[in-house]
Structures are given as C-alpha cells and as structure tokens.
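See below for the structure under consideration.
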Amino acid sequence: MAAVRILSAGAAQAVVERIATAYTSETGNGVKAEFGAVGEMKARVLSGEPVDVIVLTRALVEELVASGHVAPGSRRDLGAVATGVAVRAGTPLPDVSEARTLRANLLAATCVVCPDPAIATAGKAVIQLLGKLGIMEQVQPRLRFFPNGYAAMRWLAESRGALELGITQATEIIANPGVSYVGPLPGDLGIRTVYSAGLAARAQNPDGAAEFIARLTAPAARAMLARAGYEFED
C-alpha cells in the first residue's frame, strides 16, 4: 500500500510522529509527514499538493471542508492546546501565573521569540496578548519571528542570552528538551486552540488515511495526547 501523506500543524508534530512510528511498525506501510505553521500547511493544501491526512486547527479544517478540500464528515478532534511561555532549559522560571507578573516579565525580556503571526496561530496570539497588556510598542522591537514554533524553540534552546522568553503552543514547547514549559497564558489572556484531523477529499490512499486518523484520535491515544500537552473538554 502507498505511504500515507500528511500535512500537519507543528502543534501536532510530536503525536503525529509517534502514531506514525506505531502505524508503520504494525502495518508495514509508510508515512510521509511534513510539519509547519498552519497558514503554510493550508496554503499547500489549497495549491493542490498531494495529501491524504490534514491536521490543522479545527477552524481551518472546517474551512477546508467547506472549500471541498477535506471530505465532509471526516473531521476528528485531537483536543485543545494552550498557548504558553517557555525559557531555555536550566534557566529560572519566571512567574506568568497572572497578567501583572506576565506583563512585567515581558517588559524585562531581552528577546521574545514566537512563530510568525502572518502564518501561525501562536504568533497571532502573541500580537493579541501584547495588545491586551498594552505593551506592544515597548516589546515589539524585541520580538523575533520564526517560520513555526519548533524553529522558535530550537533557537531559544541554543541561545545563550539572558532573560529570553518564547511563546508558542504548549505542545511545541513540551516536545523540545532544550526548553522548559513555564505555563499557559493566564486567566482571560489564555488561548486554547482545538486541533483536528481530516481526510483529504482527493486522498490517493483513503483507507490508510482513515486508519491513521482513527489511531490518532482513538480513546487509547488520549494518554499520549495529554502527555504531549493536549487538553480535553470531557
């Protein structure tokens, strides 16, 4: 059977890779997965790139159902992911438990890294956060954008600067051993995004894709998803 081709948001990379390893081991069939910011992945789907499974935010998967790129009725939710704060592993954890302390730590940061808000969910969340806190003008010169959350976390892990912060999806922080997850954005500033998988309407391997989605979203996968940073409504 042909390999299952997947285009996925970076926020789902850790779990998609784990499921892919088990799927290949148990079925003997391959998986070709690529990961990136949701805007980039959506654009690749819309361009007609061959794909069997699409893993993006629930909102974008629903858009792709409406546009005919995801098969109707195939959407399955993985769970919700919080946008959170990271620091380089081994450095002190700042207090981000309330708006006042988060605001102070953002103002004190020498650099704040995050995904590009033009294409990434977490990047948009950072711009929204700074606006709500009223510190966009002060912090903007110290913002550093990356193509996706994984790239931002790799840079933070390898940097040696002081008082550097990262903000991206919790799953992208937890999956990177070079950084430490400080916690989610607090209170009313918190943002939780539901991620979903869908079967591509023009999938060349629909059977393999359906099985992969079933494994990814099965009750048995919930413990793995929770360890990766997913939260569940029920």
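The values are calculated or read from the model by the stated rules, or taken from the named source; none is laboratory data. If you're wondering where the values come from, they're calculated on a predicted model, not measured in any experiment. Glycine also receives a Cβ, built like all others from the backbone with ideal geometry; neighbour counts cover every protein chain displayed.
Worth pointing out:
- The helices (runs of 4 or more DSSP H) found entirely in region 65-152 that carry 1 or more residues being closer than 14 Å to Pro184 by Cα, at pLDDT 95 or above and outside the structural domain of Asp52 (by TED's automatic domain parsing) are 99-108, 121-133.
- Annotation: Leu199 fulfils all but one of (1) touching a Pro at 6+ places or on another chain (Cβ under 9 Å); (2) assigned to a loop (DSSP other than H, G, I, E, B); the unmet one is (2).
- If you check Val70, Val85, Val4 for being farther than 19 Å from Thr121 by Cβ, crowded, with 23+ Cβ neighbours inside 10 Å and among the hydrophobic types (A, V, I, L, M, F, W, C), only one passes: Val4.
The rows are residues; the columns are (1) assigned by TED's automatic domain parsing to the domain that holds Arg58; (2) of a type in the set (Asp, Glu); (3) out of contact with any strand residue (DSSP E or B) (no Cβ under 6 Å at 6 or more places or on another chain); (4) within 14 Å of Cys111 (Cα to Cα).
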residue: Arg154; (1), (2), (3), (4): no, no, yes, no
residue: Glu164; (1), (2), (3), (4): no, yes, no, yes
residue: Ile167; (1), (2), (3), (4): no, no, no, yes
residue: Glu172; (1), (2), (3), (4): no, yes, yes, no
residue: Gly178; (1), (2), (3), (4): no, no, yes, no
residue: Val182; (1), (2), (3), (4): no, no, no, no
residue: Leu185; (1), (2), (3), (4): no, no, no, no
residue: Leu199; (1), (2), (3), (4): yes, no, yes, no
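- Close pairs (6 angstrom Cβ cut-off, 6 or more residues apart or separate chains): among the β-branched types (Val, Ile, Thr) in region 193-205, at pLDDT below 95 and surrounded by 23 or more Cβ atoms within 10 Å (Cβ to Cβ) anywhere: Thr193/Thr121
Yes/no matrix, rows are residues, columns are (1) more than 17 Å from the chain's Cα centre (by Cα); (2) loosely packed, with under 15 Cβ neighbours inside 10 Å; (3) at positive phi:
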| residue | (1), (2), (3) |
| --- | --- |
| Ala80 | no, no, no |
| Pro92 | yes, yes, no |
| Ala109 | yes, no, no |
| Ile119 | no, no, no |
| Gly123 | no, no, no |
| Leu129 | yes, no, no |
| Leu133 | yes, no, no |
| Leu143 | yes, no, no |
